[in-house]
Amino acid sequence: MNPLGLLVVGAPRGAAADVESVLALLPPHLPVPVVLALHRGPLDALAAPLGRRCALPVVEPDDKDPLLPGAVYLAPAGYHLLVDRGCVSLSVEPPEHGQRPGLDALFESAADSHGPRAAGLLFAGHEDGGAGLQVLHARGARVAVVSTLQTGGDGGEEGEMAQLTLGSVGGWLARLAYVPRSKVLP
């Protein structure tokens, strides 16, 4: 398994409270950047509310800002947030599925830039995100879909698209961040 280099999260507007709950689970010394696209209106101020319970800073980046470990990058209103090796890119390409920021755009850019070193988490509830998550999965990334229904599991087997409930996201995140230590020989 490749070491994790990036976590991308996509969610429809109605999942904002669930996203806030998941951000609260992130450890304060997360060794990777988190990039978040959340459907929103043009006047929605989300960075401060989402950062209330998160141990990491939640910021709305400017174009070409570097991606640094231990920070959450929230897509600004009216822009697609894309990732490239080492930085973010803001795009005003047409809305996808009627949304900008778009979830598919974020997931596809993560697939292109990080491939199997990425992990993707999609909150169900909108048509946007599914195709991009499939692309991410096809490139070897670890991916999961969070459903509000109680039909999800605990994360599934390696290589599968995990189906999660909100309560099982913490375990999935912990498995992503786990790096086994090398055995010390005398």
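Out of the residues in region 42-66 meeting the condition of being part of a loop (DSSP other than H, G, I, E, B) and farther than 21 Å from Leu82 by Cβ, tell me which one is nearest to the chain's Cα centre (by Cα).
Residues of region 42-66 part of a loop (DSSP other than H, G, I, E, B): 42-46, 52-57, 60-65.
Among the residues that remain, those that are also farther than 21 Å from Leu82 by Cβ are: 43, 45, 52-55.
Details: Leu43: 22, Ala45: 19, Arg52: 18, Arg53: 17, Cys54: 14, Ala55: 16 Å.
Step by step, filter region 42-66, then rank; the result is Cys54.
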Close pairs (7 angstrom Cβ cut-off, 6 or more residues apart or separate chains): touching a residue at least 40 places away in the same chain (Cβ under 8 Å) in region 60-71, in a loop (DSSP other than H, G, I, E, B) and surrounded by 13 or more Cβ atoms within 10 Å (Cβ to Cβ) anywhere: Leu67/Pro33; Gly70/Leu30; Gly70/Leu56
Output for region 5-23, where each listed residue is touching a strand residue (DSSP E or B) at 6+ places or on another chain (Cβ under 8 Å) and either free of Cβ contacts under 8 Å to residues at least 12 places away in the same chain or in a helix (DSSP H, G or I) (or both): Arg13, Ala15, Ala16, Asp18, Val19, Val22, Leu23
Qualifying residue in region 112-127 (condition: at pLDDT 95 or above, of a type in the set (D, E, K, R), open to solvent by 70 Å² or more (accessible area, probe 1.4 Å) and farther than 22 Å from Leu164 by Cβ): yes
Leu26, sole failed condition from (1) crowded, with 18+ Cβ neighbours inside 10 Å; (2) free of Cβ contacts under 8 Å to residues at least 40 places away in the same chain: (2)
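Taking region 67-123, which residues are assigned to a strand (DSSP E or B) and either of a type in the set (Lys, Arg) or more than 13 Å from the chain's Cα centre (by Cα) (or both)?
Of the residues in region 67-123, the ones assigned to a strand (DSSP E or B) are 72-74, 80-84, 87-91, 96, 99, 118-123.
Of everything in region 67-123, those that are assigned to a strand (DSSP E or B) and either of a type in the set (Lys, Arg) or more than 13 Å from the chain's Cα centre (by Cα) (or both) turn out to be His80, Asp84, Cys87, Val88, Ser89, Leu90, Ser91, Glu96, Gln99.
The values are calculated or read from the model by the stated rules, or taken from the named source; none is laboratory data. Remember, predicted model here, so these are calculated numbers, not experimental data. Cβ sites come from the backbone with ideal geometry, for glycine too, and all protein chains shown count toward neighbours. These accessible areas exclude ligands, DNA and RNA; they are computed on the full protein's heavy atoms, side chains included. Shrake-Rupley method; radii C 1.70, N 1.55, O 1.52, S 1.80 Å.
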